[in-house]
């Protein structure tokens, strides 16, 4: 627990949060490890947690019958995996398959969702941070869509 | 201004639309020496002339190397050249990458698509004097795995213990198991000291703008970021004005610019 407390309280993603909220997060956190080839989350399943990736590589994939699994983004150390836990209907939109053995901190999103209903400050702090994650992903997706490498 | 005749010694297909020409002077005269980042005007006789960055090793000037993307009539004509065929060369022109000035610092190279070609000479120089630099990191992004340039060399560089090489593609195809995502997404995790890093960036201008944003987020100072700019070029000697970029000419003030000098101009859409 001490190790988790130290990790979360010094993690840039949670910088600036109140001590009582950080304590709550520590209570909702656990160290997890996934071997290569395993799925951390699957499309359509309930989304009740998110992950701070500490080591390894994870491929966000979408599966198509003709194409099989298609990697749309690779996440690694320092990245945040999962935001569908924040947004109804709380179902994962993609698969997350481990490419290289991955260590992460899993946080109980369902618990945090429920706490946020009564503690709006907590909810706001989480939404602020996840908004930035979403903006970064949207920006990257737009760049991918732009096909900037096409001859002009 | 008169093109010097060169012969094609070797052609190499790099990707579906990109190829490399190795050239030697027809007159047997001295080899062209150049700085990494400089360009030549290559003349396909009877067709036209285009500016192309030199992509070879400055320490091996006997063979002049250019990596070219086929985008129009002139580059198509060059693609059809065979060994012993001729073309004209004028140059070298322009400013080079600050390889010497980066001594003692970490060096971050960010390349997008064919942007790796003008950066390759800089990488050759960095590797040749590896002991003079801190960490050397190469971040390379391209559209698909099939568009990866200099694949064999990338693998060789990646196998070195003193180089960090990270390759990513916008879109995975086939059995690609590497990184997927835009090249800017590699910057937050790249192992360099922002306060002591020289960044050299080359690629599509949109990609370079977003790269600069990420570099600045990491704390790299604008005066430590260098971009290779591109505009239409005709005379390459600062007379015709085709490559004018605000108060500068890409042909003689560039193509390599320090970002702090470029910053006000990049926002002006009219130029």
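The values are calculated or read from the model by the stated rules, or taken from the named source; none is laboratory data. The structure presented is a predicted model; accordingly, all values stated were derived computationally and were not measured. Cβ atoms come from the backbone with ideal geometry, glycine included; neighbour counts cover every protein chain shown.
Within the stretch A:13-33, the residues that satisfy the criterion of being outside any loop (DSSP other than H, G, I, E, B) and farther than 20 Å from residue A:84 by Cα are A:19, A:20, A:21, A:22, A:23, A:24, A:26, A:27, A:31, A:33. Hey, does the stretch B:167-184 have a residue that's assigned to a helix (DSSP H, G or I) and within 14 Å of chain A (Cβ to nearest Cβ)? Yes: one or more hits.
Being in contact (Cβ under 8 Å) with a residue 24 or more places away in the chain, under 14 Å from residue B:37 (Cα atoms) and assigned by TED's automatic domain parsing to the domain that holds residue B:133, is that true of even one residue in the stretch B:203-219? Checking the stretch B:203-219: at least one residue is in contact (Cβ under 8 Å) with a residue 24 or more places away in the chain, under 14 Å from residue B:37 (Cα atoms) and assigned by TED's automatic domain parsing to the domain that holds residue B:133. Taking the numbered list (1) touching a residue at least 24 places away in the same chain (Cβ under 8 Å); (2) more than 7 Å from chain A (Cβ to nearest Cβ); (3) surrounded by fewer than 22 Cβ atoms within 10 Å (Cβ to Cβ) in turn, residue B:147 passes all entries but (2). Applying the condition of being exposed (fewer than 15 other Cβ atoms within 10 Å of the Cβ), facing chain B (nearest Cβ under 10 Å) and assigned to a loop (DSSP other than H, G, I, E, B) to the stretch A:50-96 and asking which residue is modelled with the lowest pLDDT yields A:67.
If the condition is being out of contact with any helix residue (DSSP H, G or I) (no Cβ under 7 Å at 6 or more places or on another chain) and part of a strand (DSSP E or B), then the stretch A:97-115 contributes A:97, A:98, A:99, A:100, A:101, A:102, A:103, A:104, A:106, A:108.
Filtering the stretch B:199-218 for residues that are more than 11 Å from chain A (Cβ to nearest Cβ), surrounded by fewer than 22 Cβ atoms within 10 Å (Cβ to Cβ), under 25 Å from residue B:168 (Cα atoms) and touching a strand residue (DSSP E or B) at 6+ places or on another chain (Cβ under 7 Å) leaves an empty set.
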